[in-house]
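This report concerns only the one structure given below.
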Amino acid sequence: MQRKLKAAGKEAMVALIEKGSELGAHALSGAVLDPVALRELFPDYQEKGAPVTCEVHHENIYLLTETGQFPVPLIPPPMQNEGNFIMSLGSFVRWLGKQAEEEGVNLFPGFAGVDLLIEDGNVVGVRSGDKGLNKDRQPGDNYEPGVDIKAKVTILGEGPLGTLTRIAYQKLGIGEGKNPQSYATGVKEVWELPAGRTKPGSVIHTMGWPLDSKTFGGGFIYQDDKNLVSIGLVVGLDYADPYLDPHRDFQRMKLHPLIKPLLEGGKMVHYGAKVIPEGGFFSVPRLVSHGMLVVGDSAAMVNVPKLKGIHYAMKAGMLAAETVFEAFDAGDFSAQKLASYQQRVEDSYIWQDLRATRYFKEYFKDGFHVGTLKAGISFYTGGNFPGGTGQGHADYEGMRTIKQVYGSATHPAPQPKFDKQMTFGKLDDVYLSGTKHNEKQPSHLIVKDFDICHTRCKEEYGNPCQRFCPASVYEMVPDPKDRETKLMVNFANCVHCKTCDIKDPYKNILWTPPEGGDGPEYVNL
Ligand code: SF4
């Protein structure tokens, strides 16, 4: 767009800020790419060296039991991946960044957006976070204050539960009349396998074990053309059991007879975790405000049954760029002028797909079997039958107490064990996410009331943050003063997945951006 604006004689600069140390450092997905938007944006993407080379050739869905598996005989057409590509989102984002830079876009990695600048109801830019604050939030030796980046139009594409998008929800009401957002946590490892072991282009999805029939989610195993396998488990965060631990269940999943022989003798080389917005059609916020547009995961643009949103994020970005170009032509950046972006999205395949899958997650509220049956029918009726209420709830409301789930408040929590060959503890995994934070800064994880953690949450839920966090950030440790256990927050381990902000049953944790450039250094994820 930068080049197009220049060619049209417009004095404008396109800037992109990214909280990771480089573009792609915080990008994580399965990933199987539907190349529809890529082909539209870069018809010559292969000549340009896009890291998209491994086409899907084999596809299976299995229903797992603890010791066996049943192949799903027919994969409904909307779920099929033929013609899509297995790839690493991080590598793809790095490549896209290069293309953007060649078009004249200014990239600012290492800048975390911490506030949305709003004047008289107009979004006029973004404030980046300070660097070099001490634990007491006072400037330290290497202090660098954040900067205000002013813009005619700000496009929010922050991924799920973005900090700036949350401010737009709170101050600009973009979520009014919509369902609360709902999410899943995806936990993923990349394994390097002995040459010749992988079947490049193979996609496997699993349902059932290790999740119980009331928990929404499933596994994925994608084999690429470089002897790498991406394997992961996605768990809907509306689950009830306070003892559920997505990371632990993922480790168990790898021991299944379908999966273990594939990984045995291989080496786990990368790890990451991230939430996925799963609220779908009824959770898409208003996409436009004065001087602001929202794209991609930040706007819940994810097709839940297909586990895909990258092509929607790209398409939404392209539609946003067209809209902004027109706004520059007219010199008008009001919500009225930018409203054509909302219309463009609603006229596109993004909307069509989200609409056709609008009840998908709701089908599963009565359990796996009913949900599968309803979803199967809906695939053949374009999502029109069976219907649903279209109502949703915030995920934290779904959690039940230990007593409600296990019948006794003293039921012990599971104590997982890991062999460090096939299965790994959270800290071993975090090491392979490349996560680093300046430990002199204040914690970016704000626990609003520690008393709740030490009393009600401990008794009722057994401090589930210890389990739903896939990075061992939250730990109940003995306090020598009063022999009670107290919550310790190891913020330096945080992989920025945002699960704690979503799933804490008391809404007691707020995720905020740490210093720009901190966090995971994802490779091949
Ligand atoms: Fe994810 Fe929160 Fe744990 Fe960080 S602290 S890894 S955001 S659950």
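All of the numbers you see were taken from the coordinates with simple rules; none came from a lab. Note that the structure is predicted; figures quoted are calculated from it, not measured. Neighbour counts are summed over all protein chains in view; Cβ atoms, including those assigned to glycine, are modelled from backbone coordinates with ideal geometry.
At a glance:
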read-out	value
Packing rank of 330-343, 249-262, 352-365, where each peptide gets the mean count of other beta carbons within 10 Å, highest leading	352-365, 249-262, 330-343
Cα lying deepest toward the dipole's positive end in the chain, options 243, 510, 406, charges on Cβ	406
Global form of the stretch 33-80, assessed from the alpha-carbon gyration tensor, a/c cut-off 1.5	prolate
Residue 348-residue 41 pseudo-label distance in nm [points 7 Å out on the Cα-to-Cβ vector]	1.0 nm
Semi-axis lengths (Å, descending) of the ellipsoid that matches the C-alpha gyration tensor of the stretch 49-123	40, 21, 13
For the chain: relative contact order, % (alpha-carbon pairs under 8 angstrom, 6 or more apart)	20 percent
Listed residues 300, 319, 462: farthest to the positive end of the dipole of the chain (Cβ charges)	462
Computed [θ] at 222 nm, helices only, for the chain once each DSSP H run of length n ≥ 4 contributes -39500 (n - 2.57)	-6500 deg cm²/dmol
Normalised per residue, the volume of the convex hull around the Cα set of the stretch 224-322 (Å³)	163 Å³
Size of electric dipole in the stretch 107-146: Cβ of Lys, Arg +1 and of Asp, Glu -1, about Cα centre, debye, nearest 20	160 debye
Charge tally in the Cβ shell below 11 Å around residue 241, where Lys, Arg are +1 and Asp, Glu are -1, residue 241 excluded	0
Cα-based convex hull volume of the stretch 373-436 per residue, rounded to whole Å³	260 Å³
Extreme residue, positive dipole direction of the chain, given options 370, 129, 162 (C-beta unit charges)	370
Radius ratio Rg over Rh of the chain, counting only Cα atoms, Kirkwood formula for Rh	0.95
Of 131/226; 98/337; 98/503; 226/306; 199/308, those spanning more than 28 Å from alpha-carbon to alpha-carbon	131/226; 98/337; 98/503
Extension gain from residue 408 to residue 152, taking 0.36 nm per residue of separation minus the Cα-Cα distance	86.4 nm
Of the DSSP H helices in the chain, those whose Cα atoms cover at least 27 Å axially and whose Kyte score averages 0.0 or more	310-330
Long-range HN-HN contacts of residue 474 with modeled amide H, under 5 Å	490
Over 19 Å (Cα to Cα) - which of 274/498; 448/507; 267/426; 260/361 fall in this group	260/361
With 5 Å bins from 0: P(r) over the stretch 319-475, alpha-carbon pairs, percent	1, 6, 9, 10, 9, 10, 13, 14, 14, 8, 4, 2, 1, 0
At q = 0.30 Å⁻¹, base-10 log of I(q)/I(0) for the stretch 433-491 (Debye sum, equal scatterers on each alpha carbon)	-1.36
Built amide H within the under 5 Å cut-off of residue 115, gap 5+	127
Estimated dipole of the stretch 168-307 in Debye, rounded to 20 [Cβ of Lys and Arg +1, of Asp and Glu -1, Cα centre]	180 debye
Principal axis dimensions, the stretch 92-174 - Cα atoms, whole angstrom, descending	40, 33, 24
